[in-house]
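S.K.: Pasting in a structure now, in structure tokens, and then I'll have a few things to ask.
The values are calculated or read from the model by the stated rules, or taken from the named source; none is laboratory data. Note that this is a predicted model, so its numbers are computed, not measured. In this analysis, Cβ positions are derived from the backbone assuming ideal geometry, glycine residues included, and neighbour counts consider all displayed protein chains.
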Amino acid sequence: MKKQSAVGLFFSMFLRAVVVILGIVILVFGAALLMKVMKNGKSSSNAPATTVGANVLTEAEVRDDLLTAEPTEATSTEAVTEEIPAEPAYDKNILVLNSTNVKGLAGRWCEKLGGYGYANTTASDYNETLENTKIVSSTEGIGEELVQYFNGASYEVGSVASGSSVDATAYDIVIIIGTGDSDN
């Protein structure tokens, strides 16, 4: 067996220590990389899917004919119409009237509408019984989007002159809950 000098023994041990440390570093970085890949894999499966419509051109579908073609009469005179959405009634005063015999229904609807962002609501009773909910706005285009929350509701512009113990003219929108919405 060959005898090693103290310096040779030192370098031999030093070299082994370096190899062990490098192995540990490689393991740590490998584990960190694996965790990052697995984490990204999980979050991408929860991410919303992106869809591309049939009329979207990709780089592979270059349409030079669209760039060089002269405009036809149909395309040059074609007007672009943009539908302007009705003004949301979030900041309007809304009176919710209960036309059914279900106690507290108008209050429950006020809470439900509050969850949709309509915070300025007041509940009261209505003297007549309606089958379908009626939404009455004091101004055209305000509150029309409220129809979506009710079953078969109607929308009209005007005022509610009678049937309520509360002065309905003080409100921007009056919702009279009908029996068709009494289960909500």
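S.K.: Quick one: which residue in Val102, Val62 is over 30 Å from Val166 (Cα atoms), surrounded by 10 or more Cβ atoms within 10 Å (Cβ to Cβ) and at pLDDT 50 or above? Talk me through it step by step, then tell me what you get.
M.R.: On the way: Val102 fails: over 30 Å from Val166 (Cα atoms).
Among Val102, Val62, only Val62 is over 30 Å from Val166 (Cα atoms), surrounded by 10 or more Cβ atoms within 10 Å (Cβ to Cβ) and at pLDDT 50 or above.
S.K.: List the residue pairs whose Cβ atoms are under 7 Å apart, where the first residue sits in the range 147-159 and is on the phi < 0 side of the Ramachandran plot, the second is acidic (Asp, Glu) and surrounded by 11 or more Cβ atoms within 10 Å (Cβ to Cβ), and the two are 6 or more positions apart or on different chains.
M.R.: So the pair list comes out as Phe150/Asp181; Asn151/Asp181; Tyr155/Glu144.
S.K.: Also, quick follow-up: Just the residues that are over 13 Å from Ile94 (Cβ atoms) and among the β-branched types (Val, Ile, Thr), please, taken from the range 140-184.
M.R.: Listed by number, the residues that qualify are Val147, Val157, Thr169, Thr179.
S.K.: Filtering the range 108-163 down to residues that are among the charged types (D, E, K, R) and in a loop (DSSP other than H, G, I, E, B), which residue is nearest to the chain's Cα centre (by Cα)?
M.R.: In the first step, residues of the range 108-163 are kept if they are among the charged types (D, E, K, R); the result is 108, 111-112, 125, 128, 131, 134, 140, 144-145, 156.
Subsequent filtering for residues that are in a loop (DSSP other than H, G, I, E, B) retains 128, 131, 140.
Details: Glu128: 37, Glu131: 32, Glu140: 26 Å.
Looking at residues that are among the charged types (D, E, K, R) and in a loop (DSSP other than H, G, I, E, B), I get Glu140.
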